[in-house]
Structures are given as C-alpha cells and as structure tokens.
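Here the structure comes first, spelled out in structure tokens, and everything after it is commentary.
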Amino acid sequence: MNNNTVKNIRRFNRYYTAWLDVMNKGYLGTDFSWPESRVLFEIYLCPGITATDICRHLRMDKSYVSRILSRFEKQGFISRELIPGSKGLKRLYLTGAGEKEAKEIDSCGDRQIIGKLGSLDTETCEKLCNAMTFIEKTLREEELHDGQ
C-alpha cells in the first residue's frame, strides 16, 4: 500500500469521526460519551452479553469497559447475573432505565443521520450506502484474512 493511500484513508477517518460528532462528552445530545453509548447499546442489542464479549466486539480495553459498567450499575442502567459454574463470569442486562437510555441513543442516532443526510436524493443515498457496504465488506474480509 502506498503512502498516499494511507494518508487518504486516515484523512477520511478524521473527517468521518468529526462529522459524526463523536469527540464530545454528550454524544448525540445524551449524557454519555461515544464509548459509553456503544457499551450500553451493545448490551441493548445482545441481552446477556458478558463484559469479555463487549471488550472483544468493540475492541475496548477491559479496565475501561469495567469502569463504564460499574458506573452503569451505580446509575441503575444494568444488572449482572452470575453464570452458574463460570467462576464469576456474569451476563449483563439492561434495566428499564437502561433500556430507555439505549432506545434514546438509537433514536438520536437516526435523527442525526436524517438531519445530516435528509436532503440527499434517493439515488445519492443508495450510492452512499453501497460505498459503505463495500467498505465494511472489504474490512471484514481483511479482518478474516488477518485472523487466519
């Protein structure tokens, strides 16, 4: 891969994360940072997930996820359930309050995209989605290749 390609990819990444407005504490107008939102949303998408699985899925540091989960537990957003015979491994579930927060994050995310891209015509939206699908497919295939 040549240097220009690397620079172009990095430039796009910098632009896209700024475009999504993920660098501020109040991601999507919530009280959560982007990583906190992602952890909460991961539990919403996968009830009963473990902290280890969250770390693996989101590629986040174990101690960072642990701090986020402790905060969520104190705020009453999650509950933990011991997995019998697992030597302390626990499944994570959202409480009613946690589910409400996760649904709000989801709604805010939808509104953000509609607000930023709502003026695009159908053909342009399809081209954009096809490009995103291509990017995701390419990265997933490379990830599988690297894992072998």
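FYI, it's all coordinate maths here, none of it is from the lab. Computed from a prediction, not measured in an experiment: that's the story for all the values here. Ideal geometry is used to build each Cβ from the backbone, glycine not excepted, and the neighbour counts take in all protein chains shown.
Could you work out the local net charge near Asn4, counting Lys and Arg as +1, Asp and Glu as -1, over the other residues with Cβ closer than 12 Å to its Cβ? Cβ neighbours under 12 Å give a net charge of +3.
Loop-located trypsin sites (Lys or Arg not before Pro) across the stretch 61-148 with a Cβ neighbour count of 12 or fewer within 10 Å are Lys87, with loop assigned by DSSP. Here's how it looks for Ile49: its modeled amide H is under 5 Å from those of Leu92, which are all 5 or more places away or on a different chain.
Counting every alpha-carbon pair across the stretch 3-102, the share separated by more than 15 Å comes to 66%. Less than 5 angstrom separates the built amide H of Ile78 from those of Glu73, Thr95, all sequence-distant by 5 or more or on a different chain. The distance between label points at Thr30 and Cys46 comes to 1.7 nm (points 7 Å beyond Cα on the Cα→Cβ vector).
Set the Cα radius of gyration of the stretch 54-148 against 2.2 N^0.38 Å, with N its number of residues, and you get 1.51. Computed over neighbours whose Cβ is under 14 Å from that of Glu36, the net charge equals -1, Lys and Arg +1, Asp and Glu -1. Put a dot 7 Å past the Cα of Arg111, heading toward its Cβ, do the same for Ser66, and the two dots end up 3.6 nm apart. Each of Glu81 and Glu142 was given a label point 7 Å from its Cα along the Cα-to-Cβ line. The distance between the two points is 4.0 nm.
Restricting attention to the stretch 3-102, the count of lysine pairs at 8 or more positions apart or across chains with alpha carbons under 29 Å apart stands at 13.
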